[in-house]
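Participant: Below: one structure in structure tokens.
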Amino acid sequence: MNKKRRILQLRAADSFGEDNSERKKKKQQQCTAAMVSMELKLESKIKERLAKDEAAYGAFVEQWRLYKGGKMSKHDLCCEIISLFSDEIHDLVPDLRHFFKDSSPAVA
């Protein structure tokens, strides 16, 4: 009787582990989708603001490409973005704070 009970417990634990990993996977996918949405929103706002200044726009595109390629940290990207705008960045600060709240670098 103890063997059967133990087998049932192990099977229940395995199925719980699968359910738990599925929940974690789904949550991770939702977080990733939210991050992508947030990145696209921020990128779009910055592109719109820099559309009239070709040099600044080109610099932004290059920095964004480096960040997306994993060759630049979020912190470095933030510094570059701020330098492109000088003092005209106040309306973007909430979006930048939200995007860069995880200040861990993308590059190890």
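Participant: Can you sort M35, M72 from fewest to most other Cβ atoms within 10 Å of each residue's own Cβ?
Facilitator: M35, M72
Participant: Right, next: Taking neighbour counts of Cβ atoms within 10 Å as a proxy for exposure, in what order, fewest first, do F100, F85 appear?
Facilitator: Final ranking by Cβ density, sparse to dense: F100, F85.
Participant: At 0.36 nm per residue, and after removing the present C-alpha to C-alpha distance, how many nm does the segment from V61 to V93 gain when stretched out fully?
Facilitator: Contour length minus Cα-Cα distance gives 9.6 nm.
Participant: Local charge sum around L42 (other residues, Cβ-Cβ under 13 Å, Lys/Arg +1, Asp/Glu -1)?
Facilitator: Its environment carries a net charge of +3.
Participant: Taking R0 as 41 Å, what's the FRET efficiency between E39 and R5 from their Cβ-Cβ distance, rounded to 0.05?
Facilitator: The value I calculate is 0.20.
Participant: Mind sorting Y57, Y67 by how few other Cβ atoms lie within 10 Å of their own Cβ, fewest first?
Facilitator: Y57, Y67
Participant: How far apart, in nanometres, would the label points at K47 and C79 be if each is projected 7 angstrom from Cα along the Cα-to-Cβ direction?
Facilitator: Each label point is offset 7 Å from its Cα along the Cβ direction, giving 2.6 nm.
Participant: What is the spin-label model distance, in nm, from K71 to Q28 if the labels are put 7 Å beyond Cα along the C-beta direction?
Facilitator: Rounded to a tenth, the inter-label distance reads 2.8 nm.
Every number here is computed from the coordinates shown, using simple stated rules; none is lab data. All of these numbers come straight from a predicted model, not from anything done at the bench. Neighbour counts are summed over all protein chains in view; Cβ atoms, including those assigned to glycine, are modelled from backbone coordinates with ideal geometry.
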